[in-house]
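The values are calculated or read from the model by the stated rules, or taken from the named source; none is laboratory data. Quantities reported herein were computed from a predicted structural model and do not represent experimental measurements. We place every Cβ from the backbone using ideal geometry, glycine too, and count neighbours over all the protein chains shown.
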């Protein structure tokens, strides 16, 4: 893959459990469904040959567990994951800053985080090409957006990416 065809994989964490008695949002665990959906995403990535060169994840418990389950399916050890606190509750500007710090030679990058930050990032990178599906949810839990990006990670600008597909764990990929 050449630098002209970089891919950014934007994954919202899998479904979290709300009824656990955990007071802090950061510490919410995955639900039973989340524990099933996360490996499905990893399996789909493996089948497509989309093994990321760099994995960046929020360290919040639900994102951390999602990332570990996805990476296990891809054969990526936990030690190779960049646990970045800025991804939790991030703005578009913050996420762009994190992406700009990624290895310049990375051709496939996986970013695992939270809404609304991830949806806002998609809107920034893809512009009006991003439209809401019929259910009104662009990135429900465990949904992966696959973007083609020509720009270097340090120079991501508005409308610099093409949304290739949206992959939900319980349905076939939707070409965009």
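For the range 99-116, enumerate the residues that are assigned to a helix (DSSP H, G or I) and within 14 Å of residue 9 (Cα to Cα).
99
Residues considered: 109, 147, 74, 95. Of these, the only one that is at pLDDT 95 or above, farther than 16 Å from residue 41 by Cα and surrounded by 14 or more Cβ atoms within 10 Å (Cβ to Cβ) is 95. Tell me, yes or no, whether the range 18-35 has at least one residue that is in contact with a helix residue (DSSP H, G or I) (Cβ under 7 Å, 6 or more places away or on another chain) and farther than 19 Å from residue 141 by Cα. Taking every residue of the range 18-35 in turn, none turns out to be in contact with a helix residue (DSSP H, G or I) (Cβ under 7 Å, 6 or more places away or on another chain) and farther than 19 Å from residue 141 by Cα. Among the residues of the range 29-53, those that are buried (at least 20 other Cβ atoms within 10 Å of the Cβ) and either part of a strand (DSSP E or B) or touching a strand residue (DSSP E or B) at 6+ places or on another chain (Cβ under 9 Å) (or both) comprise 30, 34, 37, 38, 41, 45, 52. Every residue in the range 9-25 that is within 17 Å of residue 42 (Cα to Cα) and assigned to a loop (DSSP other than H, G, I, E, B), please. Residues satisfying the conditions are 13, 14, 15.
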